[in-house]
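Structure record follows, encoded as structure tokens.
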Amino acid sequence: MSEQLPRVMKTVRTLQCWSIGVLTAFGFLLKNQSSLENFYNVGPSSTLIIMGLTIDTIALYSGIVIYCFVNTIIRNLKDQLVIPWITLVVHDTTIDKKDYSYFQLQEIVMMSSFYTWIDWFIYVNIVFSQADVVLIELFAEMLITYIVTRMYLVTPVPTEPLPDLSALEPTG
């Protein structure tokens, strides 16, 4: 078992407690507010406006739902594949990067950052529009995260010994 697991579990428990506390406090605050009644509509509505676009037909609403699922897949690819690679390769000062193109590494890092801002801007506009859209985003996020995590958990660990890479290491 990893020596880091207890520390990670403490952090996860802190996240759980914080999330429950925030949601509870938010629930109490919203209970006394009537100005957010449009937020609790479900489906297409003349009050569902995302970035200036009124989502009042099934076709537009379906487009939002499809966008949420596809964008969640893209976001997870970035968060669970690209970001760790950036951390473990680009940001690791112990790895020689002479075999990597400087411009390709910059492209990877810059595109990741650029997408994060675009995603954040659209995401905030979508989730602040109506409660059912928040639930769609949450469901899509949980589903995709489950699928990606399951993929990592069921992938068998190679039983063959790893090749000797000592000849590839720089000398000196």
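Quick one: count up the residues across the range 43-75 that are more than 18 Å from Tyr123 (Cβ to Cβ), assigned to a loop (DSSP other than H, G, I, E, B) and under 25 Å from the mean Cα position of the chain (by Cα).
So the answer is 1.
Given the conditions (1) modelled with pLDDT under 85; (2) loosely packed, with under 12 Cβ neighbours inside 10 Å, which single one is not true for Leu77?
Among (1) modelled with pLDDT under 85; (2) loosely packed, with under 12 Cβ neighbours inside 10 Å, the lone unmet condition for Leu77 is (2).
Out of everything in the range 80-130 that is among the small types (Gly, Ala, Ser) and more than 30 Å from Val42 (Cα to Cα), what residue ends up being surrounded by the most Cβ atoms within 10 Å (Cβ to Cβ)?
Pass one, the range 80-130, residues among the small types (Gly, Ala, Ser): 101, 112-113, 129.
Okay, now just the ones that are also more than 30 Å from Val42 (Cα to Cα), so 101, 112-113.
Details: Ser101: 10, Ser112: 16, Ser113: 11.
This residue is Ser112.
Check Gly52 against each of (1) exposed (fewer than 10 other Cβ atoms within 10 Å of the Cβ); (2) at pLDDT below 80 and name the one condition it does not meet.
If we test Gly52 against (1) exposed (fewer than 10 other Cβ atoms within 10 Å of the Cβ); (2) at pLDDT below 80, just (2) comes out false.
The values are calculated or read from the model by the stated rules, or taken from the named source; none is laboratory data. Fair warning: this is a prediction, and the values are worked out from it, not measured in the lab. Because the Cβ atoms are built from the backbone with ideal geometry, glycine has one as well, and the counts that use them run over all protein chains shown.
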